1. Could you list, in sequence order, all residues of region 240-289 that are surrounded by fewer than 17 Cβ atoms within 10 Å (Cβ to Cβ) and at positive phi?
2. Restricting to region 5-27, and then to whatever is buried (at least 21 other Cβ atoms within 10 Å of the Cβ) and in contact with a helix residue (DSSP H, G or I) (Cβ under 8 Å, 6 or more places away or on another chain), can you tell me which residue is nearest to Gly165 (Cα to Cα)?
3. Take region 88-131 and flag every residue that is in a strand (DSSP E or B) and either of a type outside the set (Ser, Thr, Tyr) or without any contact (Cβ under 8 Å) to a residue 60 or more places away in the chain (or both).
4. Taking the condition modelled with pLDDT of 95 or more and more than 24 Å from Lys79 (Cα to Cα), does Ile306 pass?
5. Check Leu177, Leu191, Leu144 and return the single one that is within 21 Å of the chain's Cα centre (by Cα) and closer than 21 Å to Gln395 by Cα.
6. Would you mind listing the strands (runs of 3 or more DSSP E) fully within region 306-397 where at least 1 residues are surrounded by fewer than 19 Cβ atoms within 10 Å (Cβ to Cβ) and aromatic (Phe, Trp, Tyr)?
7. Restricting to region 356-382, what's the tally of residues that are in the same structural domain as Gly50 (by TED's automatic domain parsing) and over 23 Å from Pro56 (Cβ atoms)?
8. Restricting attention to region 141-155, does a residue exist that is of a type in the set (Phe, Trp, Tyr) and not in a helix (DSSP H, G or I)?
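The values are calculated or read from the model by the stated rules, or taken from the named source; none is laboratory data. Just so it is clear, the model here is predicted, and its values are computed rather than measured. Because the Cβ atoms are built from the backbone with ideal geometry, glycine has one as well, and the counts that use them run over all protein chains shown.
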Amino acid sequence: MKITKIETTLFEYKLDRSMGDANSPMGRKKASGCVLELITDEGISGISIGGQNALPQINSIFDGILLNNDPKAIFSIWKRMVEKYFKGGHDGIANDAISAIDVALWDLKAKINEEPLWKTLGGNNNKVNVYASDIALPINDDDLFNWYSKMSDKFGFKGGKLKVGLDQESDLKRLELMHNALSKNCDDPILYVDSNEYWSPKQTIRNVSEMEERFTLGWIEEPARRWDFLGLKKVSDSLQTPVCAGENLDTLGDFLPYFHHRSADVIQVSHGMTGISGALQIADAAYALELPVTLGGSSGIIHAHIANAIPNCITVEVPHPEPETKVFTSDVTIKDGYAFVGNKPGMGIEVNYEELAKHKVEKVSQKAGPSPYGRRPGAGLYEIPPTKEEISEGQSK
């Protein structure tokens, strides 16, 4: 069997809520993706959803490495992809391309094996612990409470994560709202908070210390800049709350200062870290140091497949318990606060090509990207509350 063809399709879709964090209080109302398909000479194809900003790199890798290669030789292909970017480094856009291709290769291998991805990866349990994540700092308090109430009532979530950072009084109030909503089916819901690198270490210590007076927190996520391993350690040493970090790193090498200095108490892993192959390496390194890992949000909740094969994974983020767009379906379902992975071959992602055609774009618009406004001015120096205009924009339908 050989890889003979690649197809990529960019698409955009409307979100069910305005999504944003401390860096983007206006939020975004659209999202984007890229359906990437690796097709073999036997008609079996592997799919991933991602890499929308890295199409030139994806096509270059296909022409130079994937074409006519054996799709089952994933680690060999992964090594060649990484080495292709030896001089400039395989972070950033190169990482995005490698990640999208690697996920498609694993989907393809599981389909060749005629089994779900979680089994191909070595998992033996079809359920994974998950938590609800609104990623919706822009929405008002009533909508926030209603969203977490739905997560509790309909899907049984027993944990949730709140975006914080711009207004301590508001953050404390919204933590209470999230707690009360999730308490409907759980006496002691787990509360996570995420400041998205907006605070300095000292700001984090001050703000989270006040939160700890009223709540028991599961972790504080990204409480300093991603490269500030000493600042992260300062936060960890100063608080009862664990530090969770690593979301914006790309490679195993990026994590080495965290491991060496014990900067983070919980390590974030994702298929966006040079693919599933890279994520497993990072998780293994964390396992060797007795560090738990968590996986972030993913299209179709495909991270549930990967988490199933990681013995030190404690939970997985779920911003969308049901597919956020009709472009694809997933056989991962959420019930009683767990993700149940299905038994369809591969990741269980199926593309609706009619819907894909409706949402196809030639170029992804800026406001459909994951962080359309970049890092907020003043971040790490002084806190700037959202303006009336930002609040109005963020809460508009």
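1. The answer is Arg262, and nothing else.
2. Step by step, filter region 5-27, then rank; the result is Pro25.
3. Pass one, region 88-131, residues in a strand (DSSP E or B): 116, 127-131.
Answer for region 88-131, where residues must be in a strand (DSSP E or B) and either of a type outside the set (Ser, Thr, Tyr) or without any contact (Cβ under 8 Å) to a residue 60 or more places away in the chain (or both): Pro116, Lys127, Val128, Asn129, Val130.
4. Values: modelled with pLDDT of 95 or more: yes; more than 24 Å from Lys79 (Cα to Cα): no.
So Ile306 does not fit the description; no.
5. On the way: Leu177 fails: within 21 Å of the chain's Cα centre (by Cα); Leu191 fails: closer than 21 Å to Gln395 by Cα.
One residue alone meets the criteria, Leu144.
6. Details: elements: 313-318, 328-330, 333-335, 338-340, 349-351.
In region 306-397, the matching strands (runs of 3 or more DSSP E) lie at 338-340.
7. Number of matching residues: 9.
8. Filtering region 141-155 down to residues of a type in the set (Phe, Trp, Tyr) leaves 145, 147-148, 155.
Adding the requirement that they be not in a helix (DSSP H, G or I) leaves none.
So far as region 141-155 goes, no, none of its residues is of a type in the set (Phe, Trp, Tyr) and not in a helix (DSSP H, G or I).
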